[in-house]
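The values are calculated or read from the model by the stated rules, or taken from the named source; none is laboratory data. Fair warning: this is a prediction, and the values are worked out from it, not measured in the lab. Neighbour counts run over all protein chains shown; Cβ positions are idealised from the backbone, glycine included. When the accessible area is computed, the model is the full protein with side chains, heavy atoms only, and any ligands, DNA or RNA have been set aside. Shrake-Rupley method; radii C 1.70, N 1.55, O 1.52, S 1.80 Å.
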Amino acid sequence: MSNFLFGRYLPGNSWVHRMSPQSKLMLCFFFVIVIFFANNVWTYATLSLLLIVVVLMSGVSIGYFLKGIRPLIWLIIFTVLLQILFSSGGHVYWHFGPFSVSDLSLINGGFIFVRFLLIIMISTVLTLTTTPLAIADGVQTVLKPLKKFHFPVDTLALMLSIALRFVPTLMDEMETILNAQRSRGVDFGSGSLRHRIQAAVPLLVPLFTGAINHAENLSTAMEARGFTDSEHRSKYRVYKWQTKDTISWGVFLLVGILVLFLRNN
Amino acid sequence: MKDIIQIKNITFNYPDQPLLFDQLSIDVHEGEWTALIGQNGSGKSTLARLIDGLIVLKSGQIVVDGLIVNDDNIFDIRNKIGIVFQNPEDQFVGATVEDDVAFGLENRQMPREEMHKVVESSLKEVGMWEFRDRIPANLSGGQKQRVAIAGIVALSPKIIILDEATSMLDPRGRQEILDLVTKIKQENNLTVISITHDIDEAATADRVIVVNKGTIVEEDKPDNIFGDIRKLESIGLSAPFTSQLIMALEKRGIDSSSQYLNDKRLIAWIKQLVSNK
Amino acid sequence: MDQTISFKQVTHTYQANTPFSQDALDLVSLTIPAHSFTAIIGHTGSGKSTLVQHINALLKPTSGEIDVYGRTIIPTTTNKNLKELRKHVGMVFQFPEKQLFEESVIKDIMFGPKNYGASEADAEKDAEDAMQLVGLDESLRDKSPFDLSGGQMRRVAIAGVLAMKPEILILDEPTAGLDPRGHKEIMDLAQELHDHRGLTIILVTHQMDDVVDYASDVIVMDRGKIVKHGKPSDIFSDPKWVYQMHLDLPSSAEFATRLVKAGIHLKQTPLTIEKLADEIAELIKWEAHT
Ligand SMILES: Nc1ncnc2c1ncn2[C@@H]1O[C@H](COP(=O)(O)OP(=O)(O)OP(=O)(O)O)[C@@H](O)[C@H]1O
Ligand SMILES: Nc1ncnc2c1ncn2[C@@H]1O[C@H](COP(=O)(O)OP(=O)(O)OP(=O)(O)O)[C@@H](O)[C@H]1O
Ligand SMILES: [Mg+2]
Ligand SMILES: [Mg+2]
């Protein structure tokens, strides 16, 4: 469970770690937009290649990275299967009632799979290399112009950083409770499927009460240390726009153009 | 001496629980090291939370350095007080050790260059500078307590409340931290409230407050508090080491007119016995 | 069945094979005989908690092997089928809040017995007995374990483990946060379980006085290694080394060295208060005779 990387921050000093949060955040958006322009093998291959380079530059090995998002991969596969079964058109290989499998739906399914995977991977790289507070700062800076239109930018940023924190918190809480119960003799993962599900149900209540408890204690600790809101604070880390950011943008823009060029029109 | 904290007739209970404090009053003197001792569940941590305005009184009043603890003053009051909580697990806010120590400084809007200096010196003082890039959750118990202490030391507050803050440190480490706080106390006229179950540590305080089940049983100099061991034992506490030794000597027929002696005086007394006879 | 706990060349690395790996145990080999009372001491972060969590397989070794009463734990051991092992090995965690999860105190303590097949009524009885053993007030029975004071939580955590009636009891700094009476009660309870019920006790502690008052064997750890394993008197015989290990002498020995400094010469360094009092008494009376 502690290997689950989605939403987690890992301290480090890699190229990606040292980039400015604002530019990382914007690059993420940019990358996601470009993904939606991809529509053939070449375009997806280009984007995947770029992503592999990004992961490597964040200082994490691809194997560890993939293992870290494995639970999500199952979720994507499930979604994609539904997609394949319910879409129509092309040469049908197999059908049953409303379900059918065709060459077109298979190819589309494959693309959707890659698309989801790329989105999840790029956002994992973002949280892996950027602290939740820095992400909140980034969001705040990026959305600042919207303040003129009375858009609640600060609240949104704070909510986002809390939400981001919550995923790893829940995962850690899960691990804590699993260990607490294991040490008192619960055998997770053995016995029939039904037995396993039965063993998992009593986890849910303590999981949520535990997480709420921690959140409460954490907010007490924040208050005690003088936290009011995220605006009236100085910053320990500043991330100025650096050459790294310029280079990264250059590369991403080039890849974006390449995708436009390679896609089927 | 000025009373930096004045607790006047406070009443408090947790939701759906019976009254914990009923008309409790106590003062804390500026510049003193006050030890707060008492049985488990007697209300020590609750008192700390009330002083910092983290939970709300039912009635009565708490005044911290001239300011009444209420919504208007709360941030000024928290600027004066640094609390190291009993459970270090839940007090980490920053993603890394270094960011965590900086958190309180950021809230006080300290300029960045200064902040970097303070974070470094605080972490060095508790011996955790090498761990600055680590995730706080992945530290050992004692390492967590050290980081929590650094986070408070960095703020150089007027009042430090240590809620069993050294309970998981190795003996040398604990002494180092106590020495560190003593040093800061001398340099900055700091007021220290130390909630502790270590009676020998309490015996070195300037003043001791004994609470039991939400009431103050006694407050005095250690010499007077530890004179009456039986009373302490009756409320779940124990005697300091020197008193235990005196009792053991009494059992062996060596009479000490049963008054409390701290270690220096006890050594002098033994020396006198040995050379006189 | 082999009645020992043994570690053979055990290494543990947190987050192994990642850029964030942390070595915590370094080729640890040791044997703890059954029915012994072993204290584990060492500076913060030396690997004590990591070591003991291998004994009930909450952590698995990165390399090496652990044998617990004839059961083997190796790097590929999975969490399956460890129920039997964990029934024998009761573990009180360093932080009580990491051990509690049920909605009320009584339910939390009943969890272990129920899980091992006790009926609701039996489990409740076991839990009530355990509550009494650790000195928990009856009035806390239905409170949420998270709405307790630090010391009360600690007692609930210990009770939850005792209710399972383990044969090996691991206590990771069990008295941190307990008031002096609670401290003495819990340590006396450990001694009673050891002396009269034959439990093997493994105690992680920073209290040197408890080490000399209760333990028969001591393991000293330093940076993931075992640097000494012996009787308390062996461990504390070299004060310089003790300080180097970030430890202290027991209060009596510490006091004795101060007496020596003040020019009062004792025959040997006493480890307990009774021995110290004996020595001083002898000195005073002997002087009186001459
Ligand atoms: N959040 C809470 N909700 C309800 N009751 C609480 C809560 N926190 C503490 N209590 C109760 O209030 C009383 C005082 O608790 P407090 O934590 O102040 O004690 P303490 O003196 O700090 O004890 P310890 O030495 O064990 O830390 C206890 O009986 C406890 O059960
Ligand atoms: N979950 C974790 N991830 C990474 N490193 C860890 C983790 N837990 C502990 N460590 C590291 O492993 C080393 C040993 O930790 P351990 O908790 O075993 O120490 P300990 O001897 O119990 O210390 P203490 O007396 O402070 O509780 C420490 O340096 C610690 O920082
Ligand atoms: Mg408390
Ligand atoms: Mg530990």
> Across peptide C:93-104, how many C-beta atoms of other chains are within 10 Å of each residue C-beta, on average?
Replying inline: 6
> Pairs C:LYS184/C:LYS275; A:LYS67/A:LYS244; B:LYS58/C:LYS98: which are spaced more than 21 Å apart, C-alpha to C-alpha?
Replying inline: A:LYS67/A:LYS244; B:LYS58/C:LYS98
>> Rolling a 1.4 Å sphere over the protein heavy atoms, what is the accessible area per residue of the protein assembly as shown, to the nearest Å²?
In response: 44
>> Only bridges whose two residues both fall in the protein assembly as shown count here: according to DSSP, what percent of them are antiparallel, nearest 5?
In response: 55
> If the cut-off is 18 Å between C-alpha atoms, which lysines fall inside it for C:LYS261, apart from same-chain ones fewer than 8 positions away?
Replying inline: B:LYS264, B:LYS271, C:LYS240
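Across peptide A:209-215, what mean number of C-beta atoms from other chains lies inside 10 Å of a residue's C-beta?
Working: counts 5, 5, 0, 1, 5, 4, 1.
Mean partner shielding for this stretch: 3.
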>> Let's see if you can work this out: charge +1 on each Lys and Arg Cβ, -1 on each Asp and Glu Cβ, no other charges. What is the dipole magnitude of chain A about its Cα centre, in debye to the nearest 20?
In response: 400
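Taking the Cα centre of the protein assembly as shown as the origin, how large is its charge dipole in debye, to the nearest 20, when only Lys and Arg (+1) and Asp and Glu (-1) carry charge on their Cβ atoms?
2680
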>> If I take every Cα pair under 8 Å that is 6 or more residues apart in chain A, average their sequence separation and divide by the length, what percent do I get for the relative contact order?
In response: 33
> In degrees between 0 and 90, to the nearest 10, how far off the longest principal axis of chain C does helix C:105-115 point, with axes built from Cα atoms?
Replying inline: 70
> Taking the Cα centre of each part, how many Å lie between the range A:67-99 and the range B:194-228?
Replying inline: 69
> Leaving out ligands, DNA and RNA but keeping every protein chain, what accessible area does B:GLU120 have, in Å² rounded to the nearest 10, with a 1.4 Å probe?
Replying inline: 60
> What's log10 of I(q)/I(0) for the range B:3-239 at q = 0.07, 0.10, 0.12, 0.13 Å⁻¹, Debye sum over Cα points only, no solvent?
Replying inline: -0.23, -0.47, -0.68, -0.80
>> Below 20 Å, Cα to Cα, which aspartates and glutamates can B:LYS124 reach? Residues fewer than 8 away in the same chain don't count.
In response: B:GLU98, B:ASP99, B:ASP100, B:GLU106, B:GLU113, B:GLU114, B:ASP133, B:ASP170, B:GLU176, B:ASP179, B:GLU187
> How big is the Kirkwood radius of the range A:1-84, worked out from every pair of different alpha carbons and given in Å to one decimal?
Replying inline: 14.7
>> Suppose accessible area is computed on protein heavy atoms with a 1.4 Å probe; arrange C:LYS143, A:LYS147 from highest to lowest.
In response: A:LYS147, C:LYS143
>> At a 10 angstrom cut-off on C-beta neighbours, averaged per residue, how do the peptides C:28-41, B:146-159 rank from highest to lowest?
In response: B:146-159, C:28-41
> Per-residue accessible area for B:TRP33 at 1.4 Å probe radius, Å² rounded to 10?
Replying inline: 30
> So for C:PHE236, B:PHE85, what's the accessible-area order with a 1.4 Å probe, most first?
Replying inline: B:PHE85, C:PHE236
> How many partner chain Cβ atoms sit within 10 Å of a residue's Cβ in peptide C:69-82, on average, as a whole number?
Replying inline: 2
> Taking only C-alpha pairs under 8 Å that are 6+ residues apart, what is the relative contact order of the range C:250-289 in percent?
Replying inline: 40
> Given the Cα-Cα distance of B:GLU187 and B:ASN79 and 0.36 nm per residue of separation, how much length would full extension add, in nm?
Replying inline: 37.0 nm
>> What does the net charge come to around B:GLU219 if you take all other residues with beta carbon closer than 14 Å to its beta carbon, with K and R at +1 and D and E at -1?
In response: -4
> If you find the alpha carbon centre of the range C:5-39 and of the range A:200-265, how far apart are they in angstrom?
Replying inline: 36
>> Students sometimes get this wrong: rank A:THR130, C:THR272 by accessible area, probe 1.4 Å, all chains present, largest first.
In response: C:THR272, A:THR130
> DSSP beta bridges in chain B, what fraction antiparallel, as a percent rounded to 5?
Replying inline: 50
>> Not counting ligands, DNA or RNA, and with a 1.4 Å probe, what is C:LYS8's accessible surface area in Å² rounded to the nearest 10?
In response: 100
> According to a simple spin-label model (label point 7 Å from Cα along Cα-to-Cβ), what is the distance in nm between B:GLN23 and C:THR76?
Replying inline: 7.3
> Where Lys and Arg each count +1 and Asp and Glu each count -1, what net charge lies around B:GLY60 among other residues with Cβ under 14 Å from its Cβ?
Replying inline: 0
>> Ignoring everything except DSSP H segments at least 4 long, calculate the 222 nm mean residue ellipticity for chain A; use -39,500 (n - 2.57) per segment, divide by total residues, nearest 500.
In response: -23000 deg cm²/dmol
> What number, in percent, do you get for the relative contact order of chain B if the mean sequence gap of Cα pairs under 8 Å and at least 6 apart is divided by its residue count?
Replying inline: 22
> Lys/Arg Cβ at +1, Asp/Glu Cβ at -1, dipole of chain C taken about the Cα centre: which of C:MET187, C:VAL89, C:PHE146 is farthest positive-ward?
Replying inline: C:VAL89
>> To the nearest 20 Debye, how big is the dipole of chain B about its Cα centre, given +1 on the beta carbon of each Lys and Arg and -1 on that of each Asp and Glu?
In response: 760
> For chain B, what is the mean residue ellipticity at 222 nm derived from helices alone (per DSSP H run of n ≥ 4: -39500 (n - 2.57); sum divided by total residues; nearest 500 deg cm²/dmol)?
Replying inline: -11500 deg cm²/dmol
